[in-house]
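J.: Pasting in a structure now, in structure tokens, and then I'll have a few things to ask.
The values are calculated or read from the model by the stated rules, or taken from the named source; none is laboratory data. Bear in mind that the values here come from a model prediction, so they are computed numbers and not experimental data. Cβ coordinates were reconstructed from backbone atoms using ideal geometry, including for glycine residues, and neighbour counts include every protein chain displayed.
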């Protein structure tokens, strides 16, 4: 049996963000998110010819990264299925031989690649798999916990759930509230330095892992929980529902990409249209109220980057009319109006 | 990395069914189900003082089982959380030392108990963990597959989903249809000799595992899929939803225990009442139609053993009025009326 990590992750900065030759932006959210939230720790990015993603930081070869004192190479992509192309393994092995840690959030373990295992054996660097969950998570008890919880849910994967949760945590803290971002995915865990990779736990324990992630807390404390997937996603809905039940959210925020019309990247000819905002709200609310009858939505967080500037305010206004909730693009507007709604709706924070 | 089994399970009969000192009937469904469906393979049962369960077969000590030529001891219980009490380990090690295989569907691996590992090293017997899933299951594609599928879903765990699926498979075959029971839990896999332990796969791959379990088939073939958990169960709903999406059922059968008023055995002071039959139907149908717009319910399968004989027909009639579906107790009435409904509803079998 392999020795698995029980401790929270501790990463060594500065980082080189590895994008390889990834094409779709939606699959590069790990690297892009890390640059967005911890830019000061990111020395540069590594991109192969054909790469369709740009984090907007210095281009850097493995050589240059070594010379610049980079201590960790972060695999910045998360393709469906979690494969690691052979050409990437070669680059990562080169970095590992120079003593840089390799950090991955993919399902496949870095140590399973003999070239990487040999490289770290030589250099003493570490292979860090963010996605290895803690062992011995229990079955969810469904017991009510003290403290308050807000969960970001979505109309799809990669619609801004992590960003929204991080922005809400930041805004709550700026108001002097006690608040913690609770990470459930690889990028979030890299940013937070701890968390549970919820999509990697054994299926029976999804809700139990969510219970562990946001333990009982002071009555006025808020856990701001990063959602995963979508209840309407034919590949990942089980993860989303287990996380929703185990989180027992008091408040929910719906995240949506305004330019998305169908479920992203199924690797399938089958087209799954997105559900409407209100259909998504109704489905999530029904499931949330099973474990917390007082659960309610407090806002909609929209990625409007795919819209023309001229149409943006009209689209957001229509969303407000449809849902009756404050609707913001957290990158443009900030999450203030959502946190205002939380402040109005709950007697204590 | 431990060597994991990729092959379907092959168990050696005859069996001794081990119940230990389990008290609640609902937790003994593995052993009781095996006795129900493969009684001819079960030589006897082993029960400790205080055991609240009786499979109705010969009581047998480890000594007597050895003398009777028993080849496998089946751990017949599945307590929430999957622990294995120390006193049971002692009994099982005694059996393993005598050369009997030990078969378990618990989450904890038999080989993790040094006493058991030592016993089989001495005798050459096998430790068989039914719950170890195949490796390298992929993410669900959501692609439509040929063939027909019927899935048993429930108002709770342990309400007869496996029994119902087995009874429907048997009835379909007796009518000359092409039909296969598809097992998703430990008992089902023991009975069928193959299957995927759906609650043991990595959360991201639940629906992918369900797609593997019932592959594309001839247009007139029926896969009869064993459901797990319940969409309304605060511990296991993620498994249920992932299985539902990946199964893409054409037909659904609702399973219910007429004497159950709340979710079983949460190990919690929190009471979760069962949802009504129609609420359960609505929730499952909505999720099923996300992947198969033509999905429909074809019957309700009721465990009425907790009812007085005098009230049974009245309760089942009320369920029929509530749901508009054929309602049967498959043990008393058989599943014929549900299979009749399938025959009416679908142009080909």
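J.: Only one of A:211, A:171 is in a helix (DSSP H, G or I), touching a helix residue (DSSP H, G or I) at 6+ places or on another chain (Cβ under 9 Å) and surrounded by fewer than 22 Cβ atoms within 10 Å (Cβ to Cβ). Can you tell me which? Write out each step before concluding.
T.: Details: A:211 fails: surrounded by fewer than 22 Cβ atoms within 10 Å (Cβ to Cβ).
None of the others qualify; the one that does is A:171.
J.: Would you confirm, using the coordinates I've provided, whether residue A:131 is at pLDDT below 90, closer than 21 Å to residue A:213 by Cβ and surrounded by fewer than 16 Cβ atoms within 10 Å (Cβ to Cβ)?
T.: On the way: at pLDDT below 90: yes; closer than 21 Å to residue A:213 by Cβ: yes; surrounded by fewer than 16 Cβ atoms within 10 Å (Cβ to Cβ): no.
Criteria not met by residue A:131.
J.: Mind counting the residues in segment A:273-282 that are buried (at least 21 other Cβ atoms within 10 Å of the Cβ) and farther than 19 Å from residue A:260 by Cα?
T.: Here the count works out to 0.
J.: Can you tell me which of A:219, A:250, A:257 is out of contact with any strand residue (DSSP E or B) (no Cβ under 6 Å at 6 or more places or on another chain) and away from every other protein chain (no Cβ under 14 Å)? Reasoning before the result, please.
T.: Numbers: A:250 fails: out of contact with any strand residue (DSSP E or B) (no Cβ under 6 Å at 6 or more places or on another chain); A:257 fails: out of contact with any strand residue (DSSP E or B) (no Cβ under 6 Å at 6 or more places or on another chain).
Result: A:219 is the single residue among A:219, A:250, A:257 that is out of contact with any strand residue (DSSP E or B) (no Cβ under 6 Å at 6 or more places or on another chain) and away from every other protein chain (no Cβ under 14 Å).
J.: Being under 21 Å from residue B:33 (Cα atoms) and part of a helix (DSSP H, G or I) narrows it down to one residue among B:65, B:43; which is it?
T.: Working: B:43 fails: part of a helix (DSSP H, G or I).
The conditions single out B:65.
J.: Now for a different question. Residue check: is residue B:293 buried (at least 17 other Cβ atoms within 10 Å of the Cβ) and in the same structural domain as residue B:234 (by TED's automatic domain parsing)?
T.: Values: buried (at least 17 other Cβ atoms within 10 Å of the Cβ): no; in the same structural domain as residue B:234 (by TED's automatic domain parsing): yes.
When the stated conditions are applied, residue B:293 does not pass them.
J.: Taking the options A:69, A:76, A:105, name whichever one is surrounded by fewer than 21 Cβ atoms within 10 Å (Cβ to Cβ), in contact with a strand residue (DSSP E or B) (Cβ under 9 Å, 6 or more places away or on another chain) and touching a residue at least 12 places away in the same chain (Cβ under 8 Å). Write out each step before concluding.
T.: Details: A:76 fails: surrounded by fewer than 21 Cβ atoms within 10 Å (Cβ to Cβ); A:105 fails: surrounded by fewer than 21 Cβ atoms within 10 Å (Cβ to Cβ).
Testing whether each residue is surrounded by fewer than 21 Cβ atoms within 10 Å (Cβ to Cβ), in contact with a strand residue (DSSP E or B) (Cβ under 9 Å, 6 or more places away or on another chain) and touching a residue at least 12 places away in the same chain (Cβ under 8 Å) leaves just A:69.
J.: State the number of residues belonging to segment B:283-334 that are within 14 Å of another protein chain (Cβ to nearest Cβ) and not in a loop (DSSP other than H, G, I, E, B). Even if it seems obvious, please write down each step before you answer.
T.: So the first thing to find is which residues in segment B:283-334 are within 14 Å of another protein chain (Cβ to nearest Cβ), and the list is B:283-293, B:295.
After this cut, where a residue has to be not in a loop (DSSP other than H, G, I, E, B) as well, the list is B:283-291.
So the count comes out to 9.
J.: Okay, next question. Kindly indicate which of B:138, B:154 is closer than 25 Å to residue B:330 by Cα and either in contact (Cβ under 8 Å) with a residue 24 or more places away in the chain or assigned by TED's automatic domain parsing to the domain that holds residue B:201 (or both).
T.: Working: B:138 fails: closer than 25 Å to residue B:330 by Cα.
B:154 is the lone residue from the list that is closer than 25 Å to residue B:330 by Cα and either in contact (Cβ under 8 Å) with a residue 24 or more places away in the chain or assigned by TED's automatic domain parsing to the domain that holds residue B:201 (or both).
J.: Right, something else. Restricting attention to segment A:174-184, which residues are more than 11 Å from every other protein chain (Cβ to nearest Cβ) and not in a strand (DSSP E or B)? Full working, then the answer.
T.: Quick first cut of segment A:174-184, residues more than 11 Å from every other protein chain (Cβ to nearest Cβ) only: A:174-183.
Result: A:174, A:175, A:176, A:177, A:183.
J.: Within segment A:189-203, work out how many residues are over 15 Å from residue A:134 (Cβ atoms) and either more than 14 Å from the chain's Cα centre (by Cα) or within 11 Å of chain B (Cβ to nearest Cβ) (or both).
T.: Residues in segment A:189-203 being over 15 Å from residue A:134 (Cβ atoms) and either more than 14 Å from the chain's Cα centre (by Cα) or within 11 Å of chain B (Cβ to nearest Cβ) (or both): 1 in total.
J.: Please verify whether residue B:145 is within 14 Å of chain A (Cβ to nearest Cβ), in contact (Cβ under 8 Å) with a residue 24 or more places away in the chain, within 27 Å of residue B:237 (Cα to Cα) and within 22 Å of the chain's Cα centre (by Cα), treating the condition exactly as stated. Break it down stepwise before answering.
T.: Details: within 14 Å of chain A (Cβ to nearest Cβ): yes; in contact (Cβ under 8 Å) with a residue 24 or more places away in the chain: yes; within 27 Å of residue B:237 (Cα to Cα): yes; within 22 Å of the chain's Cα centre (by Cα): no.
Considered against the rule, which asks whether it is within 14 Å of chain A (Cβ to nearest Cβ), in contact (Cβ under 8 Å) with a residue 24 or more places away in the chain, within 27 Å of residue B:237 (Cα to Cα) and within 22 Å of the chain's Cα centre (by Cα), residue B:145 comes out as no.
J.: Only one of B:166, B:151, B:110 is surrounded by 18 or more Cβ atoms within 10 Å (Cβ to Cβ), in contact with a strand residue (DSSP E or B) (Cβ under 7 Å, 6 or more places away or on another chain) and closer than 30 Å to residue A:136 by Cα. Can you tell me which?
T.: B:110
J.: OK, next. I'm trying to understand the selection: among the residues of segment B:227-247, which are touching a strand residue (DSSP E or B) at 6+ places or on another chain (Cβ under 6 Å) and in a loop (DSSP other than H, G, I, E, B)?
T.: Our first condition is that a residue be touching a strand residue (DSSP E or B) at 6+ places or on another chain (Cβ under 6 Å); within segment B:227-247, this holds for B:227, B:230, B:247.
Within segment B:227-247, B:227, B:230 qualify.
J.: Within segment A:226-241, does at least one residue satisfy the condition of being surrounded by fewer than 24 Cβ atoms within 10 Å (Cβ to Cβ), more than 11 Å from chain B (Cβ to nearest Cβ) and touching a helix residue (DSSP H, G or I) at 6+ places or on another chain (Cβ under 8 Å)?
T.: No, segment A:226-241 contains no residue that is surrounded by fewer than 24 Cβ atoms within 10 Å (Cβ to Cβ), more than 11 Å from chain B (Cβ to nearest Cβ) and touching a helix residue (DSSP H, G or I) at 6+ places or on another chain (Cβ under 8 Å).
J.: Continuing with the same structure: With the checklist (1) away from chain B (no Cβ under 11 Å); (2) under 28 Å from residue A:345 (Cα atoms) in hand, flag the one item residue A:264 doesn't pass.
T.: Unmet condition: (2).
J.: Failed condition for residue A:99, given (1) at pLDDT below 95; (2) part of a loop (DSSP other than H, G, I, E, B), with all others met?
T.: Unmet for residue A:99, out of (1) at pLDDT below 95; (2) part of a loop (DSSP other than H, G, I, E, B): (1).
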